[in-house]
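As structure tokens, the structure follows; a few thoughts come after it.
The values are calculated or read from the model by the stated rules, or taken from the named source; none is laboratory data. No experiment lies behind these values; they were computed from the predicted model shown. Cβ atoms come from the backbone with ideal geometry, glycine included; neighbour counts cover every protein chain shown.
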Amino acid sequence: MSIKKFIESVISSLNLEEFEIKGKKKSIKRLLEKLELRKSILNKTTKKNLTKKEKKELKEELAIITLQIKKGNKLLDELNTKNSKNIQTKKDK
Amino acid sequence: MMTHNHFRSFFAPIIILLIVGALFLLGLYPNLSIILGGIALFLIGMEYMESGFKSFSGGLLENLLEKFTNTTPKAISMGFLATAIVQSSSLISIIIISFLSAGLISLTSAVGVIFGSNLGTTATAWLVSVFGLKIKISLYAMPMIIMGIIIPLFLKSNAWKGIASIFIGLGVIFLGIGYMKEGFETLKAGLDLAQYAMEGYAGIFVYVLVGSVATVVIQSSSATMAIIITALATGQIDYANALALAIGANVGTTVTAVLGALKSNENGKRLAVAHFIFNIITGLIAIIFIYQLTELVDYLAVIVGIAVDNFAMKLALFHTIFNLIGVLAVTPFITILVKYLNTIFIPKGINKGKPKYLDNSALVLPSTALSSIIMETKHLYENAFDIITHGLNLKKKNVLSTMDLDEVILDLHTHKTIDIDDFYNHWIKGLYGEIIDFSTKAQENMPPEYIEELYKLKLANRDIVDAVKGTKHLQKNMIKYTSGRNEHIKAQYDDIRKGLAELLRNIDTIAKTDEEDIIILLLSKAKIHVERYDIITNGTLDKLIRKGLITNQMATSLMNDSNYAHSISKNLITMAEILFIDIKSDLKKMHEELSMNEEEVNLLIKEQK
């Protein structure tokens with residue numbers, strides 16, 4: 001058995017593949033939390049005192065953050081599906 | 001200062017004389033050849049072990065040394081453990097010098113590792129005294145060598161080859177010890193070295209000197225320790241003199257380190273000085289307190305269960321104790337030592353266009369080579385940043401401040417034209433060439449995943465160079481129209497300047513922050529703002545021409561220069577995505593998936609309208 005195959009079998013037997021997915025999921029969740037917090041701060045900003053330029057910037061930031069949150073959630077769903085598929089394949093075996 | 005070549009020419013006749021002398025002695029005492037053969041085998045074994053660990057660890061050793069050396073105690077412990085396991089302080093030194101050159105660790109951590117490594121070398125004495133002297137060569141050494149030869153015939157990966165080398169190394173080391181032991185035992189019949197035993201401080205100084213000279217000649221304190229222990233075990237030398245010889249081996253190793261550092265870079269030289277100071281202080285402490293230390297060894301030997309007459313193991317204990325005392329004595333002054341080290345070997349005439357991090361010592365490992373290229377690319381970007389801001393007639397300090405961008409573009413850098421070509425030739429061209437040259441050399445020893453990163457870095461370098469070239473093209477009309485009378489064309493060029501100033505400021509923030517949300521937000525913003533330069537699609541150009549606000553010639557210039565601004569921005573954004581998102585960060589793993597594509601950018605622009 002080559003070292004590569006040996007490492008692969010160790011990764012598989014110790015469930016390290018899922019560990020990698022879990023790590024990625026954790027990172028995305030952390031990023032999503034930060035983005036949500038930023039979004040709520042921006043939403044709470046009183047627009048009355050802002051200049052036209054500042055209002056435009058605020059609107060732009062909100063649009064970007066909303067899009068990134070959407071993308072982050074989509075990525076998270078994909079990882080969850082991948083994870084549950086992995087578990088199912090192992091059960092079938 | 002004497003160069004390495006001078007040293008070589010100075011030592012060459014001495015070495016020839018020593019070889020002739022050795023051959024003469026071998027003629028007189030044939031048994032000496034067995035001892036010398038044993039030493040040679042021991043050294044060959046160490047070489048095999050060193051190269052074996054290098055291939056086997058596959059980056060693990062480097063990762064551990066990089067990650068767990070952020071505090072002095074951790075650095076000392078890692079230096080100790082790594083050297084004790086690998087059995088080679090020179091391998092650890094090479095790795096640490098390459099880390100320093102690549103900016104992966106601080107000088108304080110590097111000095112800590114070197115101190116710990118010194119303590120780690122004492123493991124050799126234990127290996128020789130505990131296993132080496134008792135081991136049956138036919139039972140262990142030979143099978144190890146045979147295994148080491150057979151393994152690579154069937155298992156071709158680098159890791160297995162590394163394991164095979166370690167087997168051969170260990171086997172040959174034991175074989176060497178066996179020959180040394182046999183040589184000393186046979187020699188005793190004809191020549192009893194014990195008759196030259198000397199007592200008192202005179203004896204200590206003489207034997208310290210002998211130990212030092214032996215280490216300088218053999219170039220390995222571990223080999224000297226192996227000789228001392230085998231000679232002691234066979235009764236060829238007196239225990240008290242063996243202790244002095246061990247101190248001498250430690251002192252002698254500093255000469256080896258200093259000689260080795262002559263061909264090294266300034267980091268290597270600084271570490272050699274630290275090593276020298278450490279070993280001299282440790283040696284002095286050991287000489288001054290040799291009698292007290294001997295008593296301490298006797299006391300501790302009883303506690304750990306070493307027999308009273310097992311002088312070989314007692315010597316190993318002595319070697320460990322006095323090195324440990326050295327670590328304890330010198331470590332509290334590590335900050336002062338590092339302060340001093342930072343004042344020496346400073347390269348004269350630092351040139352912005354010369355590489356700061358591309359040192360050949362970093363080529364030893366893929367991780368350090370890659371890190372050096374990242375650091376140097378950042379250096380290239382720093383130079384490019386200066387040129388671009390000058391080219392846009394902006395003040396660097398304003399761009400990097402929180403000053404309103406409308407004010408930033410009003411505060412001009414100069415009223416003269418800046419020769420970007422001249423700056424490009426001095427600060428960019430040569431440095432870029434050096435980075436590409438270094439990358440080509442580094443690529444030879446890199447695994448595929450590193451090559452992929454290296455390829456991206458090469459692209460980042462090209463993006464930086466293209467951005468500078470783009471600024472050069474942009475500059476010509478920018479000067480003309482920003483100082484002209486037509487307010488409309490001036491406003492357009494000022495908008496380009498403002499946009500690029502904003503981008504440079506955002507990239508600077510990205511480079512300095514660890515907050516992933518800020519990085520993502522700023523990169524997304526930058527991608528949206530780039531589209532402001534598409535003046536045909538957004539109708540700006542059409543409006544200006546239709547209303548007769550600018551001439552046809554101005555329109556053509558604006559169209560071309562907007563394209564340049566667009567390219568510069570794209571280049572800088574792509575570069576920032578590669579260079580300023582830490583390779584090891586979580587964001588690097590998910591950035592490609594979260595990065596905004598063109599469709600999303602256009603959607604957001606539409607939404608804003």
**OP:** Could you please find all residues in the range B:458-499 being among the aliphatic types (A, V, I, L, M) and at pLDDT below 95?
**Re:** B:L474, B:M478, B:I479, B:I489, B:A491, B:I496
Original post:
Could you count how many residues in the range A:57-77 are within 17 Å of A:I41 (Cβ to Cβ), more than 9 Å from every other protein chain (Cβ to nearest Cβ) and of a type in the set (A, V, I, L, M)?
Top reply: 3
Subject >> Total residues in the range B:264-296, condition among the hydrophobic types (A, V, I, L, M, F, W, C) and touching a residue at least 60 places away in the same chain (Cβ under 8 Å) >> reply: 7
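Any residue in the range B:479-493 that is farther than 30 Å from A:K71 by Cα, surrounded by fewer than 21 Cβ atoms within 10 Å (Cβ to Cβ), of a type outside the set (A, V, I, L, M, F, W, C) and touching an Asp or Glu at 6+ places or on another chain (Cβ under 7 Å)? Can you show your working first?
Of the residues in the range B:479-493, the ones farther than 30 Å from A:K71 by Cα are B:479-493.
When the remaining residues are screened for being surrounded by fewer than 21 Cβ atoms within 10 Å (Cβ to Cβ), the result is B:479-480, B:482-488, B:490-491.
Applying the additional criterion that residues be of a type outside the set (A, V, I, L, M, F, W, C) yields B:480, B:482-488, B:490.
From what's left, touching an Asp or Glu at 6+ places or on another chain (Cβ under 7 Å): B:482.
Yes, the range B:479-493 contains a residue that is farther than 30 Å from A:K71 by Cα, surrounded by fewer than 21 Cβ atoms within 10 Å (Cβ to Cβ), of a type outside the set (A, V, I, L, M, F, W, C) and touching an Asp or Glu at 6+ places or on another chain (Cβ under 7 Å).
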Original post:
Scanning for something acidic (D, E) and over 24 Å from B:A223 (Cα atoms), does the range B:56-67 turn up at least one residue?
Top reply: yes
Original post:
Could we say that A:N80 is away from chain B (no Cβ under 11 Å) and more than 30 Å from B:G499 (Cα to Cα) here?
Top reply: yes
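Considering only residues of the range B:83-123 that are small (G, A, S) and within 16 Å of B:T253 (Cα to Cα), which is nearest to the chain's Cα centre (by Cα)?
The first filter runs over the range B:83-123 and keeps only residues small (G, A, S), leaving B:84, B:88-90, B:93, B:98, B:101-103, B:106, B:109-110, B:112, B:116-117, B:120, B:123.
Applying the additional criterion that residues be within 16 Å of B:T253 (Cα to Cα) yields B:88-90, B:93, B:116-117, B:120, B:123.
Values: B:S88: 17, B:S89: 15, B:S90: 13, B:S93: 9, B:G116: 17, B:S117: 16, B:G120: 20, B:A123: 25 Å.
Per the criteria, the residue is B:S93.
Name the residue, out of B:K416, B:K395, that is without any contact (Cβ under 8 Å) to a residue 60 or more places away in the chain and closer than 20 Å to B:D495 by Cβ.
None of the others qualify; the one that does is B:K395.
Out of curiosity, is B:F345 closer than 26 Å to B:A226 by Cβ, touching a residue at least 60 places away in the same chain (Cβ under 8 Å) and of a type in the set (F, W, Y)?
So B:F345 fails the test.
Which residue, of B:S567, B:S595, is at the interface with another protein chain (Cβ under 10 Å from one of its Cβ atoms), out of contact with any Cys (no Cβ under 8 Å at 6 or more places or on another chain) and either more than 20 Å from B:I507 (Cα to Cα) or not acidic (D, E) (or both)? Working first, answer last.
Numbers: B:S567 fails: at the interface with another protein chain (Cβ under 10 Å from one of its Cβ atoms).
Exactly one residue qualifies, and that residue is B:S595.
Here's a check for you: in the range A:34-56, which residue that is facing another protein chain (nearest Cβ under 9 Å) and among the charged types (D, E, K, R) is surrounded by the fewest Cβ atoms within 10 Å (Cβ to Cβ)? Break it down into steps so the answer makes sense when it comes.
At the first step, the residues of the range A:34-56 found to be facing another protein chain (nearest Cβ under 9 Å) are A:34-35, A:37-38, A:56.
Next, only the ones that are among the charged types (D, E, K, R) stay: A:34, A:38, A:56.
Working: A:K34: 17, A:R38: 20, A:K56: 12.
Top of the filtered list is A:K56.
Any chance the range B:253-260 includes a residue that's touching a Leu at 6+ places or on another chain (Cβ under 9 Å) and closer than 17 Å to B:T121 by Cα?
At the first step, the residues of the range B:253-260 found to be touching a Leu at 6+ places or on another chain (Cβ under 9 Å) are B:257.
Next, from what is left, pick out any that are closer than 17 Å to B:T121 by Cα: B:257.
Scanning the range B:253-260 turns up at least one residue that is touching a Leu at 6+ places or on another chain (Cβ under 9 Å) and closer than 17 Å to B:T121 by Cα.
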**OP:** Scan the range B:492-499 and give yes if some residue there is more than 39 Å from the chain's Cα centre (by Cα), of a type in the set (S, T, N, Q) and within 30 Å of A:K53 (Cβ to Cβ), otherwise no.
**Re:** yes
**OP:** Run B:T69 past the list (1) surrounded by 21 or more Cβ atoms within 10 Å (Cβ to Cβ); (2) within 26 Å of B:L259 (Cα to Cα) and report the number of the one that doesn't hold.
**Re:** (2)
**OP:** From (1) of a type outside the set (D, E); (2) farther than 23 Å from B:V128 by Cβ; (3) surrounded by 24 or more Cβ atoms within 10 Å (Cβ to Cβ), pick out the condition that doesn't hold for B:N265.
**Re:** (3)
Original post:
When both residues are 6+ apart or on different chains and their Cβ atoms are under 9 Å apart, which pairs have a first residue that lies in the range B:142-159 and is within 14 Å of another protein chain (Cβ to nearest Cβ) and assigned to a loop (DSSP other than H, G, I, E, B), and a second that is surrounded by 14 or more Cβ atoms within 10 Å (Cβ to Cβ) and among the charged types (D, E, K, R)?
Top reply: B:L155/B:K161
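Would you check which residues across the range B:508-530 are basic (K, R) and touching a residue at least 12 places away in the same chain (Cβ under 8 Å) and list them?
Filtering the range B:508-530 down to residues basic (K, R) leaves B:512, B:525, B:527.
Listed by number, the residues that qualify are B:K525, B:K527.
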**OP:** Please go through the range B:160-172 and pick out each residue that is within 13 Å of chain A (Cβ to nearest Cβ) and β-branched (V, I, T).
**Re:** B:I163
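Name the helices (runs of 4 or more DSSP H) wholly within the range B:530-609 that hold at least 1 residues that are crowded, with 17+ Cβ neighbours inside 10 Å and within 46 Å of the chain's Cα centre (by Cα)? Spell out how you get there, then give the answer.
Details: elements: B:540-546, B:552-579, B:586-594, B:598-608.
Those helices (runs of 4 or more DSSP H) span B:552-579, B:586-594, B:598-608.
Within the range B:430-461, which residues are assigned to a helix (DSSP H, G or I), in contact (Cβ under 8 Å) with a residue 12 or more places away in the chain and not hydrophobic (A, V, I, L, M, F, W, C)? Full working, then the answer.
Here is the first cut: in the range B:430-461, the residues assigned to a helix (DSSP H, G or I) are B:430-443, B:448-461.
Still in the list and also in contact (Cβ under 8 Å) with a residue 12 or more places away in the chain: B:430-432, B:434-436, B:438-439, B:441-442, B:450, B:453-454, B:456-461.
Within the range B:430-461, B:G430, B:Y432, B:E434, B:S439, B:K441, B:Y450, B:E453, B:K456, B:K458, B:N461 meet the criteria.
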**OP:** Find the residue count for the range B:80-101, including only residues that are modelled with pLDDT of 85 or more and part of a loop (DSSP other than H, G, I, E, B).
**Re:** 0
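Take B:L544 and tell me if it is in contact (Cβ under 8 Å) with a residue 12 or more places away in the chain, within 11 Å of chain A (Cβ to nearest Cβ) and on the phi < 0 side of the Ramachandran plot. Working first, answer last.
Details: in contact (Cβ under 8 Å) with a residue 12 or more places away in the chain: yes; within 11 Å of chain A (Cβ to nearest Cβ): no; on the phi < 0 side of the Ramachandran plot: yes.
So B:L544 fails the test.
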Original post:
Which one of these is touching a helix residue (DSSP H, G or I) at 6+ places or on another chain (Cβ under 9 Å), touching a residue at least 60 places away in the same chain (Cβ under 8 Å), in a loop (DSSP other than H, G, I, E, B) and of a type in the set (A, V, I, L, M, F, W, C): B:L380, B:L358, B:L410, B:L370?
Top reply: B:L358
